[in-house]
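Notes follow once the structure below has been shown.
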Amino acid sequence: MTDEKVEIKEKIEKVEASVTEVKEEEKQDLSSLPEIEDNGEVIVIDYLDDNLFDDVVELSIDQMREDEKAEDKVSSDILEQYNQSISDIAQHQIIQGRVIGHNEKEIIFDIGFKSEGIVHRSEYAGMEIPEIGEMVEVYLEKMEDENGQTILSREKAEWLGTWNRLTDLYESGETIVGKIVRRIKGGMVVEIDSIQAFLPGSQLDVHPVQDFDQYIGQEMEFKVVKVNRLRKNIVLSRKALLEDSLKEQRESLLQDIEVGQILEGRAKNITDFGVFIDLGGVDGLLHITDLSWGRVNHPSELVKVGETLNVKVIDYDSERKRISLGLKQLTPHPWESVPEKYPVDTIINGKVVSMTNYGAFLEIEKGVEGLVHISEMSWVHNIHHPSEVVKLGDNIEAKVLSVNSEERKIALGFKQLQPDPWESVEEKFPIGSIHKGVVRNLTQFGAFVELAKGVDGLIHVSDLSWTKVVKHPRDFLKRDEEVEVKILDLSKESRRISLGLRQLTEDPWPEITERFKAGSIVSGKVIRVLEKGIIIQLEMDVEGIIPSRSLPRKDRQEILNRYMEGSMAEGKVKDVRPDDKKVILSAVNIPEAKVDSQLAEDSQLEEKAESSSQIKVENPENDDNPDESVVEDNIQSEENNKD
């Protein structure tokens, strides 16, 4: 045997010896434990004795069955008393508990379990603590926590009770009362006891809601429309209740509605053409034209969404279920009293509500408007558009000129509030008097001259010059030029004054007639050559005319070509016409024709003869000559066409 094996054997013997020693000590300790019997005698029992279980009875299966039968022989009263002594308690349910005590942190309940349950005092914050002995519903949250305590909750018991009640109401379709506590995205939060439910914004009312905040703090009746048991969510609806009620009202209203009825409604929606009124389950249209007797630009000027108002049924289509309503029909038409309220010459105050090219409309009162024509706006100015005098929204005075009740028209005037400058025109501007004025306007037929504010006179083109044929006044006058004129005629009724410029000087035609006697030879500068004749500027500012028809027909055009504008020409006076402002001439000493040098050499003698001779003009009295008045008219027409 090696040394190593000997060493191991010694170690094993030492361990066995130690174990034997420990057993002896344990045996000695256990044998010293006392045990008390019924008679109070102390007996020392050796629990390590091998004969300790000799007195234990062994039972077979048949013997055990016999014992069970013997148990069945226990009376039912005893069994019932026994069962009642055992509490049927399970976790996560609502149970009844009796308050048996409380301290600074907890309230202690007897729930019939092996240990008392506790509720944290924080769950009663702001509430009265229940009295000792009071029965309270609590929620069994934990049978036993890490400290061996049974945890209860009053809040969870209240929440679960409300939840169960709401689920029952959801299944039965009944309603419940709740309080709207705050607004959130998409709707409102409704508090029902300890549960907060969601009320969508679309389910708050049958009408579109503009201001949700007005409902906060209100208690209302709701219907449970959705329950999510997994997420513990409740969805409510107030609209569902209202729709049921409105359906009954609608049927009743449509049965009893009649044209002429006055009903109360609520403005549901506003459009450009009118207002939809909720009459209680059915909508009616209040058209913009039936809002007021006056002018309305948009219905929102008179009605606001949600506003309650009385309306009159003016039409009802039973087939389409369409109701037409009126608001203005509740009051008499204002035109019924217009003739008495606004007689002619009454001065009114109105608001400019519309303007057109021909005038401005003034609203005298709602439903009553009058027209101020542009011709009635000013005595002294020529108004082209009413915007020159007034603008929209102006409050202005006017005078009633006429009232037409049948056509419902009132004619008004602004200028009638001021003195009429034409009232004293006959005294200020007698016929024959001379006055200064300012040229305000030039037209084809004459010039308008302002003599005073609001008083204009006309200088006709025929009264601008004694001797000139005036084609347009601008040849003599300029706008805003100050001129002196003579009053020729005046009509106060027609508001017209005829003026003359040439009348400021004496009529020169008697002297002209004396100067230009028939048969006399005169000369002047050619100012125009026309197809119908030649116009020559003579002395005394008079124009002479050589009619082309007075020339030989064969050489007429060739002779006209010889006269050049600006050159000097001679003529023989045949007639003087003051009315036409012309002196009729016949041609003498006709200018020579311009020819080429070769032609001049070939016809030198002929040219000399023609240059030294005068073309004989036939006597105007000859039957072959045309009527001079016709010639003059043709020349005048040609001049006008040329210009």
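Tabulated results
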| item | result |
| --- | --- |
| 30 Å Cα-Cα threshold exceeded, pairs from 471/517; 239/328; 436/532; 351/453; 341/453 | 239/328; 436/532; 341/453 |
| Label-to-label distance, nm, for residues given as residue 214 and residue 159 (7 Å Cα→Cβ offset) | 3.5 |
| Modelled FRET efficiency - R0 22 Å, residue 315 with residue 271, Cβ distances, 0.05 increments | 0.75 |
| D (Stokes-Einstein, µm²/s), Kirkwood Cα radius, segment 228-275, 0.692 mPa s at 37 °C | 225 |
| Length released on extending from residue 539 to residue 230, taking residue separation times 0.36 nm less the Cα-Cα span | 99.0 nm |
| Accessible-area composition of segment 326-448, carbon plus sulfur, in percent [1.4 Å probe] | 52 |
| Distribution of pairwise C-alpha distances over segment 448-495, 10 Å bins, in % | 21, 54, 24, 2 |
| Kirkwood hydrodynamic radius of segment 168-304, from inverse mean 1/r over distinct Cα pairs, in Å | 17.3 |
| Ranked packing of 392-399, 368-375, most packed first, by mean Cβ within 10 Å | 368-375, 392-399 |
| Global form of segment 230-314, assessed from the alpha-carbon gyration tensor, a/c cut-off 1.5 | oblate |
| Cα-based Rg and Dmax for segment 445-527, where Dmax is the largest Cα-Cα distance (Å) | 16.3, 53 |
| Rounded FRET efficiency, nearest 0.05, which uses the C-beta distance separating residue 424 from residue 518 and R0 of 60 Å | 0.70 |
| Segment 406-554: C-alpha gyration tensor shape, a/c 1.5 cut-off, then a/b vs b/c | prolate |
| Peptides ranked, highest mean first, by Cβ atoms within 10 Å: ranges 96-107, 149-160 | 149-160, 96-107 |
| Three principal axis lengths of segment 373-460 [C-alpha, angstrom, descending] | 47, 27, 24 |
| Rounded, prolate or oblate (a/c below 1.5 giving rounded, otherwise prolate when a/b exceeds b/c) for segment 193-250 by Cα gyration tensor | oblate |
| Charge context of residue 234, other residues only, Cβ under 12 angstrom, K/R +1, D/E -1 | +4 |
| Stretchable slack from residue 496 to residue 307, in nm (0.36 nm times residue separation minus alpha-carbon distance) | 62.0 nm |
| Inter-label distance for residue 340 and residue 433, nm, one decimal - labels placed 7 Å from Cα along Cα-to-Cβ | 4.9 |
| Heavy atoms of residue 312: accessible area, 1.4 Å probe, square angstrom to 10 | 60 |
| Cα convex hull volume per residue for segment 321-398 (Å³) | 124 |
| When segment 257-404 is reduced to its Cα atoms, the Kirkwood hydrodynamic radius in Å | 17.5 |
| Calculated Rg and Dmax of segment 515-587 using C-alpha coordinates, Å | 11.4, 34 |
| Stretchable slack from residue 96 to residue 58, in nm (0.36 nm times residue separation minus alpha-carbon distance) | 9.1 nm |
| Gyration tensor (Cα) of segment 329-487, equivalent ellipsoid semi-axes in angstrom | 42, 16, 12 |
| Accessible-area composition of segment 220-297, carbon plus sulfur, in percent [1.4 Å probe] | 44 |
| Accessible area per residue, Å², segment 422-565 with all protein chains present, probe 1.4 Å | 54 |
| Cβ-Cβ FRET estimate between residue 114 and residue 247, R0 fixed at 51 Å, reported to 0.05 | 0.30 |
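The values are calculated or read from the model by the stated rules, or taken from the named source; none is laboratory data. Just so it is clear, the model here is predicted, and its values are computed rather than measured. We place every Cβ from the backbone using ideal geometry, glycine too, and count neighbours over all the protein chains shown. Only protein heavy atoms, including side chains, enter the accessible area calculation; ligands, DNA and RNA are left aside. Shrake-Rupley method; radii C 1.70, N 1.55, O 1.52, S 1.80 Å.
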